[in-house]
Amino acid sequence: MESQLIDYKELVNAFQQGAILVLNERRELNQINVFPVSDGDTGSNLASLMQAILEETKKESTSVIEVFEKVADASLVGARGNSGIILAQYFNGIYNNLLIQEEKSSVASFVHSVKLAIVEAYQAISDPVEGTIITVIRSWAEALNDIDPVHGLDKILPKALTKAEQALEHTTNQLKVLQRNQVVDAGAKGFYLFMVGFTQAFVDKETEAPDRNYIDDSPKIGISETRHVNTAEPKFRYCTEVLLDQVTKSKAEIQMDLAPYGDSLIVAVNRNNARIHIHSNRPDEVLHYLSKVGQPMQQKADDMLLQYQINQQRKASIALVTDSIADIPSEYLLANQIHVLPMNILIGGTSYLDKLTIQSKQFFELTNALHDRATSSQPTLKTVENLFSFLETRYEAVIVITVAKKLSGTFHTVKEAAKKKTSSVKIEVIDSKLNSAAQGLLVMNANELIQSGAGFEDVVKHIENKRNKLKIVVSVDDLDPMIESGRIPQFAGKIAKKINLKPIVSLNETGEGKLSDFAFSLKGNERKVIQQLKKHHKKNKVRRYVVIHAGEEERALQLKNKLSEALGFQPSYMMDISTVVAMSAGQGSIAVAFEEESGE
């Protein structure tokens, strides 16, 4: 008997039914997520892949192979996390193997392809671990191959699903971390749920696309958020992912080259595209390498260590958020569980995440080598919404302190995301009217109040009143970046350039850049910065100050020592400025931010 043919309309519906079922259960998948790290995002990551499949399969298709091609392409673009990228590679493997089959629409060809695709899924993982999604995928595919394909999918899929369910239940005993927490692997369950919906669609013989409105967004009850007490601290800090176009190296070459950068390495490929996932302490170095392999199209670097620490022991009931323009030492941010929204930086066609996938030193090297002017943009609305979704499940309130809205659209983007929230968690978005280290000092003020137990309204009121007691003065070497970025008025900047002035730039009361003083040399400029600080200290008393620089550590250190002598105490910290600030301040800039004591 000849193998039956697959109805492409039924196939579209099956993919959509499977995707919707995973979307419905994403919260439970997040809650049981303990491997490889307990970051509670497996459901969200798989939901991203499923949403991409839903969007792509809404478009008209005319054949089975076209449906699989759309799913393969969409899954690579939408894939997130270990399980998502493994599943994306598996879907691409099925499509690749169907292409070489003589009859691309037959049940037999599909059954044969799902088994052959296992090899590609395993090859995507640098260190495959049994008891995870890959185990259940293999069990399902092998079971499907043990059944005579002369029967339709409505007959053979339920039998394979039973084997997948058994394999899923067995994952609890295959990994110690799953056994300690008495859960199945979250990624494996995500695949199983997808196959439940996929199978049921063929059993019901439906060809109509499912009603998207029935996706259940209500909270799932019955699984404690704090039940996973035995999970280990992540070995590497950042879960880094990059989508590449125009890839010039093979999967094996990329895996070999990236192996020294971290663990949990997964590389999924689809013709000229690749999706890379790795846990690493240096996402900037990972992206630097990958930008030589292809064109980065998407990227993320989630702070798994921060997520782990919050899940284990939250320091306060109020979440504090800022953006990456706020110059605060990374050690302070982590120790106080402060969340940072990274700004986006575009250089030579590649987008970077400020302070994550690019540092200010790399920024200057890239722009000098490419002779290309960089641009920046605020975090995307989706990035902010994703952060709020995480915070709303762990905090009672959220305070966001953004860079001055006169300098960036970040404030408006965050406000828009706050309007869309569905929970009862209070969110206050505050325009700092500052930037860089002055914004950082305002964030530190907010953190100290929150850690002392101050109430939400009291913290908000204090921060709004504190803004005018924080100042920043920047000693600028090259005025061009500030003129080009609009940080200072063009006419004033051009006059200063003509007579070779070395200006001191600060911010006015609304957060706009202004020329506050000048000298004819950098040394003279820095003397005036010290004089300004001494004057403020005498009048209002400087409570604390910080020194930051754009690739000028030696000069910054000299200024730090002179300020320490003049004021009688050391700065709270000294550091490189953020990449976005470096872009507008220019290489060689040095800044001092300070907080006045009076007006508390």
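Each value in this text was obtained by applying a stated rule to the coordinates, not by laboratory testing. Quick caveat, the model's predicted, so the values are computed rather than measured. A quick note on method: Cβ atoms are made from the backbone with ideal geometry, for glycine too, and the neighbour counts reach across all protein chains shown.
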ask   = Amide H neighbours of residue 427 under 5 Å, counting only residues 5+ apart in sequence or on other chains, H built in-plane at 1.01 Å?
value = 398
Per-pair calculated FRET efficiency, R0 = 41 Å: residue 416 and residue 535 via Cβ, rounded to 0.05 = 0.50
inquiry  = Need one number: convex hull volume per residue for the range 511-573, Cα atoms only, in Å³.
reply    = 114
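Could you list 505, 425 in order of exposure, starting from the residue whose Cβ has the fewest other Cβ atoms within 10 Å? Could you put the intermediate results ahead of the total?
On the way: 505 25, 425 17.
Fewest-to-most ranking of 505, 425: 425, 505.
With a/c under 1.5 counting as rounded, go ahead and sort the range 41-137 into rounded, prolate or oblate using the C-alpha gyration tensor (a ≥ b ≥ c being the square roots of the eigenvalues; past the cut-off, prolate if a/b is larger than b/c, else oblate).
Details: a/c = 2.50, a/b = 1.20, b/c = 2.08.
Judged from the Cα gyration tensor, the range 41-137 comes out oblate (a/c at least 1.5, b/c at or above a/b).
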key: Förster radius 22 Å - calculated FRET efficiency between residue 522 and residue 361, Cβ distance, rounded to 0.05   = 0.65
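Based on other C-beta atoms within 10 Å, arrange 151, 339, 371, 279 from fewest to most. Walk me through the intermediate numbers first.
Values: 151 15, 339 20, 371 7, 279 23.
In order of increasing Cβ crowding within 10 Å: 371, 151, 339, 279.
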Cut-off 15 Å (backbone N to label point 7 Å along Cα→Cβ of residue 253), residues of the range 269-287 = 269-274
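How far, in nm, would the chain grow between residue 100 and residue 380 when pulled straight, counting 0.36 nm per residue and subtracting the alpha carbon separation? Before the final figure, lay out each step's value.
On the way: separation 280, 0.36 × 280 = 100.80 nm, distance 4.05 nm.
Working it through step by step, the gained length comes to 96.8 nm.
Over 22 Å between C-alpha atoms is what I'm after, so list which of 538/562; 466/534; 405/539 land there.
Too far apart for the 22 Å limit: 405/539.
Computed FRET efficiency, Cβ-Cβ of residue 272 and residue 142, R0 30 Å: what is it to the nearest 0.05?
Details: r = 31 Å, r/R0 = 1.03.
With a Förster radius of 30 Å, E is 0.45.
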note = For residue 510 and residue 562, extending 7 Å from Cα along the Cα-Cβ vector and measuring point to point gives, in nm, a value of 3.4
request  = State, as an integer percentage, the relative contact order of the chain based on alpha-carbon contacts under 8 Å between residues 6 or more apart.
outcome  = 11
request  = Using only Cα atoms, find the angle between the long axis of helix 410-419 and the longest principal axis of the chain, and express it within 0 to 90 degrees, rounded to the nearest 10.
outcome  = 50
ask   = Quick one: which of 184-191, 114-121, 31-38 comes out on top by average Cβ neighbours within 10 Å, and what's the full order, highest first?
value = 184-191, 31-38, 114-121
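Only Lys, Arg, Asp and Glu count, each charged at its Cβ (+1, +1, -1, -1), so figure out the dipole size of the chain about its Cα centre, rounded to 20 debye.
Working: 68 positive and 75 negative charges, 581 e Å.
The dipole of the chain has a size of about 2800 debye.
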key: Other-chain or far-sequence residues with amide H under 5 Å of residue 299's (modelled H)   = 243
Rounded to 5, percent antiparallel among DSSP beta bridges of the chain = 75
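Please work out how much length the chain gains when fully extended from residue 176 to residue 9, using 0.36 nm per residue of separation minus the C-alpha to C-alpha distance, in nm with one decimal.
Working: separation 167, 0.36 × 167 = 60.12 nm, distance 4.24 nm.
Full-extension gain reported as 55.9 nm.
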task = Counting other Cβ atoms within 10 Å, keep those with at most 12, restrict to DSSP loop, and tell me which GluC sites (Glu not before Pro) in the range 60-90 are left.
result = 60
message = Two decimals, Cα atoms only, Kirkwood Rh: what is Rg/Rh over the range 8-208?
response = 0.94
ask   = If you compute log10 I(q)/I(0) by the Debye sum over Cα atoms at q = 0.06 Å⁻¹ for the structure shown, which of (i) -0.28; (ii) -0.37; (iii) -0.44 do you land on?
value = (ii)
